[in-house]
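Nothing in this text is a laboratory measurement; each read-out follows from the coordinates by a stated rule. Just so you know, these numbers come straight off a predicted model, no measurement behind them. Cβ coordinates were reconstructed from backbone atoms using ideal geometry, including for glycine residues, and neighbour counts include every protein chain displayed.
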Amino acid sequence: MSSAKSQRFLRLAIVLLTITFVFVIANTLREKKILAVGETVPDFSITADNGRTFTPENFGGKLLVVNFWASWCPPCVDETPSLSRFAEITAPSGVVTLAISRDKDEKAYRDFIARFHPAFLTARDPSANIQFDFGTRQIPETYVIGANGRLLRKYINSQRWDSEDMLREIRSLL
């Protein structure tokens, strides 16, 4: 190959690599919008382990509490007992608690459910598509959604769900 052809090939390769690099960086930096209180939550549909399908419009309660978690997440494990007590306490008031796991390993998910016997509804979304649509990048993260499909509260990291302060706050949303 001649020197001139080699130089043109090299320039073309550099241009293509630069375009590819810019494209990759742009896609990496492009974050999905983070859901803010008062906004309508993204549309989703998921079937819980009990066979019931949930959407933001059809959950059968006054408030829908959606908790994103995974069996391998220590803070998720830590908050599970209090979230279970929360679900038992608030269900008679019309609060529906749904925990959506991003576990890819179905056995790990099933073992977790068998170990903790949660009082809340559970579902598995191994692709984490619903979580990402909400703008969630870390777990646990929990959203309280009103019957109108709007976000009322968002909690990042594990919470003491059965604390009097939390119960009072949730009851104030009913």
Nearest 10, in degrees from 0 to 90: the angle of helix 106-116 to the longest Cα principal axis of the chain is 30 degrees
Farthest toward the dipole's positive end in the range 30-174, which of Ala70, Thr136, His117, given Cβ charges of +1 (Lys, Arg) and -1 (Asp, Glu) about the Cα centre?
-> Thr136
Roughly what angle does helix 3-29 make with the longest principal axis of the chain, taking Cα atoms, 0 to 90 degrees, to the nearest 10?
-> 10 degrees
If R0 = 30 Å, then Arg52 and Asn157, at their Cβ-Cβ distance, give a FRET efficiency to the nearest 0.05 of 0.60
For the range 46-61, 3J(HN,Hα) per residue [Karplus equation, 6.51 cos²θ - 1.76 cosθ + 1.60, θ = phi - 60°, Hz, x = Gly/Pro] = 8, 9, 6, 4, 7, x, 7, 8, 10, 9, x, 8, 9, 10, x, x
Gained length - Lys5 relative to Glu106, 0.36 nm times residue gap less alpha-carbon distance | 30.8 nm
Go through the range 72-119 and name the chymotrypsin sites (Phe, Trp or Tyr not before Pro) that are in a DSSP coil and have 13 or fewer other Cβ atoms within 10 Å of their Cβ.
-> none
Any aspartates and glutamates with Cα under 19 Å of the Lys107 Cα? List them, leaving off those in the same chain fewer than 8 positions away.
-> Asp49, Asp125
Ratio Rg/Rh, restricted to the chain and using Cα atoms, in which Rh is the Kirkwood radius = 1.21
Based on Cβ point charges of +1 for Lys and Arg and -1 for Asp and Glu, what charge dipole magnitude is obtained for the chain about its Cα centre, in debye rounded to the nearest 20?
-> 820 debye
Within the chain, what percent of beta bridges assigned by DSSP are antiparallel, to the nearest 5?
-> 55 percent
Additional length obtainable on full extension of the chain from Glu39 to Leu174, 0.36 nm per residue less Cα span | 46.8 nm
The chain: longest stretch without exposed trypsin sites (Lys or Arg not before Pro) (DSSP loop, at most 11 other Cβ within 10 Å), sites themselves excluded?
-> 34-174
Residue-span extension gain [Asp165 to Arg137] - 0.36 nm each, minus C-alpha spacing = 7.5 nm
